[in-house]
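Trainee: Questions regarding the structure given below will be posed in turn.
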Amino acid sequence: MSNLILVKIVGEPWLSRAREYREQMIAFTTAWSDYARSLGATGLTNAFPGHRMRGLFFEKAPPPAGWKKPDRKGFATPKKGSPAAEEFARLPVKPRNKHVFGDAIVCDLTWEAPNGAWGGGAIGFMIEGVSIGWVGDVLIARIPHAGRAAAEHLARHPDHIIRHGAADWTIPDGLVEISQAELDLLDAQYRLARERAAS
């Protein structure tokens, strides 16, 4: 069983914070997409929270003045000190979402053994932290379930002590666990409603 779970965000304070994050992400994505289109770019790199995109892809035409020549994959960046670099630097950074859940989500499992040994690590692979997305107006997050991770660890090592609240962690009020199938159904229903509205 995976210790990363899907939850619907249905209550406060999470819901208003997640909505704010969604608006920030939409503004970020729109700004970069509009910028890329205006230059004739064919794609964007990824960006880590708190950072800008690394560059743009120009696979069908050369980049405009002030840009370096694309590499063999079509990836290019503005030349340092150019007006293009100044314009690039004014674009927004990718928003962070740590404020949505704060310390309510325990992302690490730390343990201590009777002999004094200790260890720990992240619960699941979340290089950018907790992921938050949406299907229409329904906000979804993929979060670690620290309580399950702790129970699995203790089943293998019953003499260990779990530190920093992971052993007692439960899903906070305002979050409702859903399955992947439920998320797939939400997505299918949303896409069907859009298709019907468009026809």
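Trainee: Among the residues of the range 122-136, is there at least one that is part of a strand (DSSP E or B), among the β-branched types (Val, Ile, Thr), touching a residue at least 40 places away in the same chain (Cβ under 8 Å) and open to solvent by 30 Å² or more (accessible area, probe 1.4 Å)? Talk me through it step by step, then tell me what you get.
Mentor: Pass one, the range 122-136, residues part of a strand (DSSP E or B): 122, 131-135.
The next check asks that each one be among the β-branched types (Val, Ile, Thr); those that pass are 132, 135.
This time we only want the ones that are touching a residue at least 40 places away in the same chain (Cβ under 8 Å), so: 132, 135.
So of that shortlist, the ones also open to solvent by 30 Å² or more (accessible area, probe 1.4 Å) come out as none.
Checked against the condition, which is being part of a strand (DSSP E or B), among the β-branched types (Val, Ile, Thr), touching a residue at least 40 places away in the same chain (Cβ under 8 Å) and open to solvent by 30 Å² or more (accessible area, probe 1.4 Å), the range 122-136 yields no hits at all.
Trainee: Oh, and also: Output yes when any residue across the range 31-47 is open to solvent by 30 Å² or more (accessible area, probe 1.4 Å) and within 16 Å of the chain's Cα centre (by Cα), and no when none is.
Mentor: yes
Trainee: A further question on this structure: Can you name the residue in the range 114-139 that is out of contact with any strand residue (DSSP E or B) (no Cβ under 8 Å at 6 or more places or on another chain) and of a type in the set (Val, Ile, Thr) and is also nearest to TYR21 (Cα to Cα) among such residues?
Mentor: Per the criteria, the residue is VAL135.
Trainee: Same structure, new question: Based on this model, can you work out whether ALA89 counts as open to solvent by 40 Å² or more (accessible area, probe 1.4 Å), of a type in the set (A, V, I, L, M) and free of Cβ contacts under 8 Å to residues at least 40 places away in the same chain? Walk me through how you get there before you give the answer.
Mentor: Details: open to solvent by 40 Å² or more (accessible area, probe 1.4 Å): yes; of a type in the set (A, V, I, L, M): yes; free of Cβ contacts under 8 Å to residues at least 40 places away in the same chain: yes.
So ALA89 passes the test.
Trainee: Going by the structure shown, is TRP111 within 24 Å of SER16 (Cα to Cα) and at pLDDT 95 or above?
Mentor: So TRP111 fails the test.
Trainee: So, one more: Please indicate, with yes or no, whether at least one residue in the range 39-55 is in contact (Cβ under 8 Å) with a residue 60 or more places away in the chain, aliphatic (A, V, I, L, M) and within 23 Å of ILE127 (Cβ to Cβ).
Mentor: no
Trainee: For the range 180-199, does any single residue satisfy the condition of being hydroxyl-bearing (Ser, Thr, Tyr), within 24 Å of THR30 (Cβ to Cβ) and either touching a Leu at 6+ places or on another chain (Cβ under 6 Å) or surrounded by 12 or more Cβ atoms within 10 Å (Cβ to Cβ) (or both)?
Mentor: Yes, the range 180-199 contains at least one residue that is hydroxyl-bearing (Ser, Thr, Tyr), within 24 Å of THR30 (Cβ to Cβ) and either touching a Leu at 6+ places or on another chain (Cβ under 6 Å) or surrounded by 12 or more Cβ atoms within 10 Å (Cβ to Cβ) (or both).
Trainee: I've got another one for you. Within the range 141-175, which residues are open to solvent by 70 Å² or more (accessible area, probe 1.4 Å) and of a type in the set (Val, Ile, Thr)?
Mentor: Of everything in the range 141-175, those that are open to solvent by 70 Å² or more (accessible area, probe 1.4 Å) and of a type in the set (Val, Ile, Thr) turn out to be ILE161, THR170.
Trainee: Can you tell me which of ARG163, ARG142 is under 17 Å from the mean Cα position of the chain (by Cα) and of a type outside the set (Val, Ile, Thr)? Lay out the reasoning, then the answer.
Mentor: Values: ARG163 fails: under 17 Å from the mean Cα position of the chain (by Cα).
The match here is ARG142.
Trainee: Right, here's the next one. Considering only residues of the range 92-111 that are out of contact with any helix residue (DSSP H, G or I) (no Cβ under 9 Å at 6 or more places or on another chain) and surrounded by fewer than 15 Cβ atoms within 10 Å (Cβ to Cβ), which is farthest from ALA36 (Cα to Cα)?
Mentor: This residue is ASP103.
The values are calculated or read from the model by the stated rules, or taken from the named source; none is laboratory data. Since the model is a prediction, treat every value here as computed from it, not as a measurement. Every residue, glycine as well, gets a Cβ built from its backbone with ideal geometry; the counts of neighbours run over all protein chains shown. What goes into the accessible areas is simple: the full protein's heavy atoms, side chains included, and nothing from ligands, DNA or RNA. Shrake-Rupley method; radii C 1.70, N 1.55, O 1.52, S 1.80 Å.
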